[in-house]
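Colleague: Starting off with a structure, shown below.
The values are calculated or read from the model by the stated rules, or taken from the named source; none is laboratory data. In this text the structure is predicted, and so the values were computed from the model without any measurement. Here the Cβ positions follow ideal geometry from the backbone for every residue, glycine too, while neighbour counts run over all protein chains shown.
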């Protein structure tokens, strides 16, 4: 419980309406996209950098920790108030300060929803490449915190590649700027990069300079259908070997084809073992050649290959893909998302590994993957009401992580570590690397005030 | 009197690779400092042992690929990485390579090309830059608009920390957000967090076609105006560079006037059309001798000309001022700059990277760099930019009259450095104070 | 607890992915999680699990839902947030009745034709005189009181029970609904005009009552049922010659066609009759599109840019989006422009505009801006509540667009 005096001070800082201390309010800020939950001492929603500074100073004075939060759609538990802490919600810092298409930069507040930025950019024929599946709900600040990926990473990279500069409130309440409006303005160390993906444990970002790009003049979306998942991964390898860099190589297995069909009715054949969504973009005159090459490569193995002819068809394909996570609830009510990533060459082995885990643990697993990146999201289906089953799922998740590490991969390709995968982190990193993380954390936040318990313990 | 234990060093790397005669040492060194010894390790464990040895006696240690900057290491050790120059792996399936840091950048690019692949970051100085140095400096270059800055191409590394401990991090996954992003944070840290001993580098397929369009212009302003035209027409070449008359002669002997180099890496079909479009924009914009270059050797010559100019400027960091503005703000920037410098064409050197909005000025002898940088920074800030890097940051804080922000930034940087290198032995010449 | 137990499977299926955030206007405009679909669902679940005792804040979260239904369309899991909120409201009602007083008063008023008529006249009259004098208040909680239309006398008292045509091809029963009866009687006349111009005989039962939707939405199923039964019996017993039961109010339409079935699910003996009735229900645009309109009879002398707002109950209730657009585009010299987020709630949402007026006003402002961006002269829609809300928002923003029912736009295109 926060004392009356602290609540009063908080209300003075951000206004009556932007402080939550009632049970109902606290309950709704205690969860995110995972199965975890916690209860904050309070929730405070600042609207300016100055307010953030004041909040940080007050919390320091009171020795209370802060958990930053955007839309709370993450899959890592990164925004769970796991220790006694106040949640600082950025959903009310939603200003788009500036969109400067001539200079390829936009300046936004962290609470701007990715989709809302895309809508504004689209009016000027620009876009912001990182678009995680949650992009219609998740905030730029949240994307930055988790270093989100999305389906276009194979060509365009992840969130970190689009962050030019930040305004950051440090744990001591001081404000710094990192980077600037371009690639070349980093002061000494690349502070922008270390803050991106740090899940708020190093600083609170209050302004973001993002790189924006013109919407490619042309785009082609293709679909290839396979009997087996392994066949699809062969196509992926062949496309890369042919020197083509598609924006997207998305894979869904039979289970997901069926669950998404239930929702979207996009017309995917329900008996297909896997579907691969392939997209290329660039200049119009280069499209035909690439589509032809890809078509030839895919057709060697695929049982069907087709090129989307209309915008509606493209839309349908993407609706299927984007709804993949949720749609599995039609089979079982709960699912655990995994985010393992392996070197592309080990992708077929990882698929095999997933099947083995499913068999060993007797769980149902659906696979959706950014195949070009070697990033798999095995979704383990279960019912969270069943404690025993839930335990089995956790064990299976651990097995998946270990499998990925055995294949020289990582436990997180784009979702982050948070609380969920923290316990496996020292399996991926050597003690020296773990210590390097701690050194960095200590430099920024020696008293461990910002998002304590996430990624690493001090 | 030095605390360097030569015999122990010899025990680690072998007699032949410990050099302490000043005349022999010279070719490995640059700058005014006087290290006691040059040592050339051949393996990670040798590097680690050397660093541990330095730690025992608190000896300063400077590291370089082929040449070591001696600032701050008088009486200390200069470590040259040139013996660690192997390509340990070239993995076509995953488009990655594992490289030792001492491999010369130019040699690496050749090997990568032989393998039918592409490593976009450009050497800082053609002859002496190493791959390790490339990531230690971690700059961007004129192709960064298309390919991303240097850090984009590092997936992992092995590093000997200032304590001698060996740290390995990263993997062949092109997407990896596990832990804190120390992988990319280390890029640009100039050897203050540790010494790279192995680099896991991301590669790309080679572009289907490469072309260049060149042209010469009577004035910088006219030349630069064509860049704005191209951006407005939604044409984004791989690079779009402008070299003033004084430097143009280095890039392409015999050039009269300001030289524009437009590099188009991509597909055959669009490449043809865009080259034509670019050529007409250059011609209409007042360019003469506008030429589309398709032939490989000639293309390489043009690009190498550019690299030579870049190397020339990078070789004298104290004699250049670099700044960035929004690419479309460049016309104002150049006009305002001219008010400070006089005729840009006649200036000792100016280059413009059009897509990045980057300008590098080579200063005439006797110029007060800091005074000019201050003026330039104000100019740049009014156009959405600033002087590059740490210096720019300091000047920005000055303009904001925000001494506290600058203090915070530098104290954070030093705290980080201190955490990794508590004794301050590694590359002490690198300043984080601007 | 029974009510929530019935929906527990669905509550448990919410995986908290937050995908519904984008669908939920009350969240988008407040940035408050408890005002989001996901937040509401998790709160309802906490109540169902016995972890939360319903309190005032809970009630606010539940009562502030627009019931626009967009979340149900967005959720890939098939979780229907609006249905869960309905269950929670029913649960609240069963626990302790609907509070606060104002809400229950409003609902009681709506349920009784007599009180409703008085209410409309009182509200409209008061707005024009009394409220207006307080602080020069033109907008009471975002509602444009000064221009709030009030029928001089109810539409049902203005027209005969049967309106005949020369060569009747169809016989249409007209369910007028409260708004057209008491407020927008001109629109009701437009409906009759368009129907008769298209050879439909119109039957307008005098003793029709509120469809029961407002009560149903706030968990008062008993009152809703009474009204529903009355409506069904009236049309099926007394006016069984009407081929269809036509309404020009999408909300009434959705209630009559879909929700009556749910309401009587526990009365198997009566259910067949309900089904019979529901099958007869048709919305104005649906019906006109179905019977076909003779385009050659439509006239329009000056160019007109028109946009269309999909009422929630039209797009997600009746799932009719094409028909009104087609009808509008049949009118000569109409330039049709689609607005951004045409199918999103206008902010009216029944009583939300009165009880959660801040968020409601923000929603309307956004809608008003989207309308402005189309440069339309006229906004057509299919729900009288939306009409009033939109016109209020437009007036407040100082914009010029006129808001009309599709029936009004069509009626204007017929010569008298």
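Colleague: Which condition does residue A:75 not pass, out of (1) part of a loop (DSSP other than H, G, I, E, B); (2) out of contact with any strand residue (DSSP E or B) (no Cβ under 6 Å at 6 or more places or on another chain); (3) within 23 Å of residue A:248 (Cα to Cα), if it passes all the others?
Modeller: Tallying (1) part of a loop (DSSP other than H, G, I, E, B); (2) out of contact with any strand residue (DSSP E or B) (no Cβ under 6 Å at 6 or more places or on another chain); (3) within 23 Å of residue A:248 (Cα to Cα), residue A:75 fails exactly one: (2).
Colleague: Additional query: Take the residues in the range C:144-174 that are under 18 Å from residue C:411 (Cα atoms) and surrounded by 15 or more Cβ atoms within 10 Å (Cβ to Cβ); name whichever of them is nearest to the chain's Cα centre (by Cα).
Modeller: C:174
Colleague: Hey, another quick one. Hey, among A:89, A:148, which residue is buried (at least 24 other Cβ atoms within 10 Å of the Cβ) and touching a helix residue (DSSP H, G or I) at 6+ places or on another chain (Cβ under 7 Å)? Full working, then the answer.
Modeller: Working: A:89 fails: touching a helix residue (DSSP H, G or I) at 6+ places or on another chain (Cβ under 7 Å).
Being buried (at least 24 other Cβ atoms within 10 Å of the Cβ) and touching a helix residue (DSSP H, G or I) at 6+ places or on another chain (Cβ under 7 Å) holds for just one of A:89, A:148, which is A:148.
Colleague: Sticking with this one: If residue C:306 satisfies every condition in (1) within 19 Å of residue C:411 (Cβ to Cβ); (2) within 13 Å of the chain's Cα centre (by Cα) but one, which is the exception?
Modeller: All conditions are met except number (2).
Colleague: Now, a different point. Here are some conditions: (1) touching a strand residue (DSSP E or B) at 6+ places or on another chain (Cβ under 9 Å); (2) closer than 19 Å to residue B:131 by Cβ; (3) within 7 Å of chain A (Cβ to nearest Cβ). Residue B:188 meets all but one. Which one does it not meet?
Modeller: Residue B:188 satisfies all of (1) touching a strand residue (DSSP E or B) at 6+ places or on another chain (Cβ under 9 Å); (2) closer than 19 Å to residue B:131 by Cβ; (3) within 7 Å of chain A (Cβ to nearest Cβ) except (1).
Colleague: Can you tell me how many residues within the range B:250-276 are more than 12 Å from every other protein chain (Cβ to nearest Cβ) and out of contact with any strand residue (DSSP E or B) (no Cβ under 9 Å at 6 or more places or on another chain)?
Modeller: 2
Colleague: Select from the range B:43-82 the residues that are outside any strand (DSSP E or B) and touching a helix residue (DSSP H, G or I) at 6+ places or on another chain (Cβ under 7 Å) and write down the one among them that is farthest from the other protein chains (Cβ to nearest Cβ).
Modeller: Just the residues of the range B:43-82 that are outside any strand (DSSP E or B), to begin with: B:43-60, B:65-67, B:70-76, B:81-82.
Filter again for touching a helix residue (DSSP H, G or I) at 6+ places or on another chain (Cβ under 7 Å), leaving B:46, B:49-50, B:53, B:65, B:67, B:81.
Values: B:46: 18, B:49: 16, B:50: 18, B:53: 19, B:65: 20, B:67: 22, B:81: 20 Å.
Of everything passing the filter in the range B:43-82, B:67 is farthest from the other protein chains (Cβ to nearest Cβ).
Colleague: Can you confirm whether the range C:337-358 contains a residue that is over 19 Å from residue C:178 (Cβ atoms), touching a strand residue (DSSP E or B) at 6+ places or on another chain (Cβ under 6 Å) and assigned to a helix (DSSP H, G or I)?
Modeller: No, the range C:337-358 contains no residue that is over 19 Å from residue C:178 (Cβ atoms), touching a strand residue (DSSP E or B) at 6+ places or on another chain (Cβ under 6 Å) and assigned to a helix (DSSP H, G or I).
Colleague: Could you figure out which of (1) in contact with a strand residue (DSSP E or B) (Cβ under 6 Å, 6 or more places away or on another chain); (2) farther than 17 Å from residue C:34 by Cα; (3) within 13 Å of another protein chain (Cβ to nearest Cβ) isn't true of residue A:64?
Modeller: (3)
Colleague: Are any residues in the range B:1-42 buried (at least 19 other Cβ atoms within 10 Å of the Cβ), assigned to a helix (DSSP H, G or I) and in contact with a helix residue (DSSP H, G or I) (Cβ under 7 Å, 6 or more places away or on another chain), and if so, which ones?
Modeller: B:9, B:12, B:13
Colleague: Then there is this: Could you tell me whether any residue of the range B:227-247 is in a loop (DSSP other than H, G, I, E, B) and over 27 Å from residue B:337 (Cα atoms)?
Modeller: Filtering the range B:227-247 for residues in a loop (DSSP other than H, G, I, E, B) gives B:233-238, B:244.
Right, trim to over 27 Å from residue B:337 (Cα atoms) and you get none.
No; the residues of the range B:227-247 include none that is in a loop (DSSP other than H, G, I, E, B) and over 27 Å from residue B:337 (Cα atoms).
Colleague: Is it fair to say residue A:409 is crowded, with 20+ Cβ neighbours inside 10 Å, at pLDDT below 95 and within 12 Å of another protein chain (Cβ to nearest Cβ)? Working first, answer last.
Modeller: Working: crowded, with 20+ Cβ neighbours inside 10 Å: yes; at pLDDT below 95: no; within 12 Å of another protein chain (Cβ to nearest Cβ): yes.
It is false that residue A:409 is crowded, with 20+ Cβ neighbours inside 10 Å, at pLDDT below 95 and within 12 Å of another protein chain (Cβ to nearest Cβ).
Colleague: Hey, another quick one. Please work out which residue is nearest to the other protein chains (Cβ to nearest Cβ), limiting yourself to the range A:270-282 and to residues that are over 20 Å from residue A:373 (Cβ atoms) and under 29 Å from the mean Cα position of the chain (by Cα). Walk me through how you get there before you give the answer.
Modeller: Just the residues of the range A:270-282 that are over 20 Å from residue A:373 (Cβ atoms), to begin with: A:270-273.
From the residues that got through so far, the ones that are under 29 Å from the mean Cα position of the chain (by Cα) too are A:270, A:272-273.
Values: A:270: 17, A:272: 19, A:273: 22 Å.
Out of the qualifying residues, it is A:270.
Colleague: How many residues does the range A:228-252 hold that are more than 11 Å from every other protein chain (Cβ to nearest Cβ), under 17 Å from residue A:376 (Cβ atoms) and either part of a helix (DSSP H, G or I) or under 21 Å from the mean Cα position of the chain (by Cα) (or both)?
Modeller: Matching residues across the range A:228-252 total 12.
Colleague: Listed residues A:48, A:79, A:34; which is within 19 Å of the chain's Cα centre (by Cα) and either at pLDDT 95 or above or over 30 Å from residue A:326 (Cα atoms) (or both)?
Modeller: Working: A:48 fails: within 19 Å of the chain's Cα centre (by Cα); A:34 fails: either at pLDDT 95 or above or over 30 Å from residue A:326 (Cα atoms) (or both).
Only one candidate qualifies: A:79.
Colleague: Mind checking which residues of the range C:23-63 are part of a loop (DSSP other than H, G, I, E, B), buried (at least 21 other Cβ atoms within 10 Å of the Cβ) and in contact (Cβ under 8 Å) with a residue 40 or more places away in the chain?
Modeller: Here is the first cut: in the range C:23-63, the residues part of a loop (DSSP other than H, G, I, E, B) are C:24, C:31-32, C:36, C:49-55.
This time we only want the ones that are buried (at least 21 other Cβ atoms within 10 Å of the Cβ), so: C:24, C:31-32, C:36.
Across the range C:23-63, the qualifying residue is only C:24.
Colleague: Does the range A:333-343 contain at least one residue that is away from chain C (no Cβ under 14 Å), modelled with pLDDT of 95 or more and within 30 Å of residue B:238 (Cβ to Cβ)?
Modeller: Yes, the conditions are met somewhere in the range A:333-343.
Colleague: Quickly run through the range B:116-148 and pick out the residues that are out of contact with any helix residue (DSSP H, G or I) (no Cβ under 9 Å at 6 or more places or on another chain) and either without any contact (Cβ under 8 Å) to a residue 40 or more places away in the chain or buried (at least 24 other Cβ atoms within 10 Å of the Cβ) (or both).
Modeller: Listed by number, the residues that qualify are B:132, B:136.
Colleague: Quick one: which residue in C:329, C:323 is without any contact (Cβ under 8 Å) to a residue 12 or more places away in the chain and part of a helix (DSSP H, G or I)?
Modeller: Working: C:323 fails: without any contact (Cβ under 8 Å) to a residue 12 or more places away in the chain.
Being without any contact (Cβ under 8 Å) to a residue 12 or more places away in the chain and part of a helix (DSSP H, G or I) holds for just one of C:329, C:323, which is C:329.
Colleague: What is the number of the single condition among (1) outside any strand (DSSP E or B); (2) under 20 Å from residue A:374 (Cα atoms); (3) in contact with a strand residue (DSSP E or B) (Cβ under 7 Å, 6 or more places away or on another chain) that residue B:142 does not meet?
Modeller: Only one criterion in (1) outside any strand (DSSP E or B); (2) under 20 Å from residue A:374 (Cα atoms); (3) in contact with a strand residue (DSSP E or B) (Cβ under 7 Å, 6 or more places away or on another chain) is unmet by residue B:142, namely (2).
Colleague: So which residues in the range B:239-268 are over 24 Å from the mean Cα position of the chain (by Cα) and crowded, with 19+ Cβ neighbours inside 10 Å, if there are any at all?
Modeller: Hits for the range B:239-268 are B:257, B:267.
Colleague: Only one of these is surrounded by 14 or more Cβ atoms within 10 Å (Cβ to Cβ) and within 13 Å of chain A (Cβ to nearest Cβ): B:354, B:305. Name it.
Modeller: Details: B:305 fails: within 13 Å of chain A (Cβ to nearest Cβ).
Only one candidate passes the filter, namely B:354.
Colleague: Limited to the range B:400-431, what total is found for residues that are touching a strand residue (DSSP E or B) at 6+ places or on another chain (Cβ under 6 Å) and in a helix (DSSP H, G or I)? Before you say what the answer is, go through the steps one by one.
Modeller: First, the residues of the range B:400-431 that are touching a strand residue (DSSP E or B) at 6+ places or on another chain (Cβ under 6 Å): B:405, B:408-409, B:425-427, B:429.
Cutting the leftovers down to in a helix (DSSP H, G or I) gives us B:405, B:408-409.
Going through the range B:400-431 one residue at a time, the tally reaches 3.
Colleague: Among A:60, A:18, A:74, which is surrounded by 22 or more Cβ atoms within 10 Å (Cβ to Cβ) and under 27 Å from residue A:416 (Cβ atoms)?
Modeller: On the way: A:60 fails: surrounded by 22 or more Cβ atoms within 10 Å (Cβ to Cβ); A:18 fails: surrounded by 22 or more Cβ atoms within 10 Å (Cβ to Cβ).
Sole residue among the options that is surrounded by 22 or more Cβ atoms within 10 Å (Cβ to Cβ) and under 27 Å from residue A:416 (Cβ atoms): A:74.
Colleague: With B:397, B:434, B:371 as the choices, which residue is over 24 Å from the mean Cα position of the chain (by Cα) and either more than 10 Å from every other protein chain (Cβ to nearest Cβ) or part of a loop (DSSP other than H, G, I, E, B) (or both)? Spell out the reasoning first.
Modeller: Values: B:397 fails: either more than 10 Å from every other protein chain (Cβ to nearest Cβ) or part of a loop (DSSP other than H, G, I, E, B) (or both); B:434 fails: over 24 Å from the mean Cα position of the chain (by Cα).
On inspection, the qualifying residue turns out to be B:371.
A quick yes/no check of all residues on (1) modelled with pLDDT under 95; (2) in a helix (DSSP H, G or I); (3) assigned by TED's automatic domain parsing to the domain that holds residue B:379; (4) within 20 Å of residue B:366 (Cβ to Cβ):
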| residue | (1), (2), (3), (4) |
| --- | --- |
| B:279 | no, yes, yes, no |
| B:283 | no, yes, yes, no |
| B:312 | yes, yes, yes, yes |
| B:339 | yes, yes, yes, yes |
| B:345 | yes, no, yes, no |
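Colleague: Condition first: part of a strand (DSSP E or B) and farther than 25 Å from residue C:26 by Cβ. Now tell me which residues in the range A:78-92 satisfy that. Spell out how you get there, then give the answer.
Modeller: Restricting attention to the range A:78-92, the residues satisfying the condition of being part of a strand (DSSP E or B) are A:85-89.
Within the range A:78-92, A:85 is the sole residue that qualifies.
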